[in-house]
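Here's the structure we're looking at; comments come further down.
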Amino acid sequence: MSQSAVFRELDIRLDRASSVPLYHQLAQSIEHAITSGELAPGDRLENELSLTNRLGLSRPTARQAIQELVKKGLLVRKRGVGTQVVRSQFRRDQRLSSLNEDLAKAGRTPSTRLLDFSVGPLADDVRDALDAGDVTEGDFVTIRRLRLADEVPLAILTNYLPARFDIAQADVEDGKSLYGHLRTLGVNLKIAHQRISARLMTETEAELLGVQRPAACLTVERLAYDDVGQFVELGHHVYQAEHYSIQSSLIV
């Protein structure tokens, strides 16, 4: 019998004296099993009836917990198969930070493949993406990298920075953080304006990210500035939508 045809009982412990709802405790336990690797992509989750009988829960409580993880993209319901684990997305808050550092903090293993490093004038379409006050005279450094998480291709990152910054190819190779290097140069990144969109990948993008077309991607165009309002970088980033999402909090 294949692994996907059976399920494994998780060691789930619920605190009925806690103010945290039981459905959320159950969802957190299952999510931890997924993110820790105890449950792998393709594994079947124990069904609602088994969960309710074993843990002394009501069916609606178990159903609500599972639905919470379906909405997060961690589980998927398949007719005739049951509820299965899907590859977890890397969920990133909207803040001005390094993807390399965020992956490491999330317990993932980041790695990088440098695709291009060059110094020269900007192409017209890239220059047009800059605000008028950001278009400085002189050359720009162009850095294009493939970022992987746990050896899975996650993003294609392209950054354009004024050549006044002391950046060499060795500074961004072997998984080194661009923003980390900028900090060592005394650059204090303070604010960024970004636009997030979705589209289908190009043939080149799909090949780099190891997927078959048609495939969806998230794109981020970011203009970043330092603490005195000086332009630092323009970023054009492409993320594999299956494995990446951006989350934010809205306050009224």
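The values are calculated or read from the model by the stated rules, or taken from the named source; none is laboratory data. All of these numbers come straight from a predicted model, not from anything done at the bench. Heads up, the Cβs are rebuilt from the backbone with ideal geometry, glycines too, and the neighbour counts pull from every protein chain shown.
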Candidate set: the stretch 194-226, residues that are among the hydrophobic types (A, V, I, L, M, F, W, C) and part of a loop (DSSP other than H, G, I, E, B); chosen: the one nearest to residue 160 (Cα to Cα): 201
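Every residue, every condition in (1) free of Cβ contacts under 8 Å to residues at least 12 places away in the same chain; (2) of a type outside the set (Val, Ile, Thr); (3) part of a strand (DSSP E or B); (4) at positive phi, yes or no:
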| site | (1), (2), (3), (4) |
| --- | --- |
| 33 | no, yes, no, no |
| 40 | no, yes, no, no |
| 63 | no, yes, no, no |
| 67 | yes, yes, no, no |
| 80 | yes, yes, no, yes |
| 84 | no, yes, yes, no |
Among the candidates 133, 229, 186, which residue alone is modelled with pLDDT under 85 and assigned to a loop (DSSP other than H, G, I, E, B)? 229
Of (1) surrounded by fewer than 17 Cβ atoms within 10 Å (Cβ to Cβ); (2) assigned to a strand (DSSP E or B); (3) out of contact with any Phe, Trp or Tyr (no Cβ under 6 Å at 6 or more places or on another chain), residue 191 satisfies every one except (3)
Hey, can you tell me all the residues within the stretch 48-77 that are in contact with a strand residue (DSSP E or B) (Cβ under 6 Å, 6 or more places away or on another chain) and farther than 14 Å from residue 25 by Cβ? 75, 76, 77
Within the stretch 144-188, work out how many residues are crowded, with 18+ Cβ neighbours inside 10 Å, polar (S, T, N, Q) and over 17 Å from residue 234 (Cβ atoms). 1
Give just the number: which of (1) without any contact (Cβ under 8 Å) to a residue 60 or more places away in the chain; (2) part of a loop (DSSP other than H, G, I, E, B) does residue 175 not satisfy? (1)
Across the stretch 198-214, the tally of residues that are surrounded by 11 or more Cβ atoms within 10 Å (Cβ to Cβ) and not basic (Lys, Arg) stands at 10
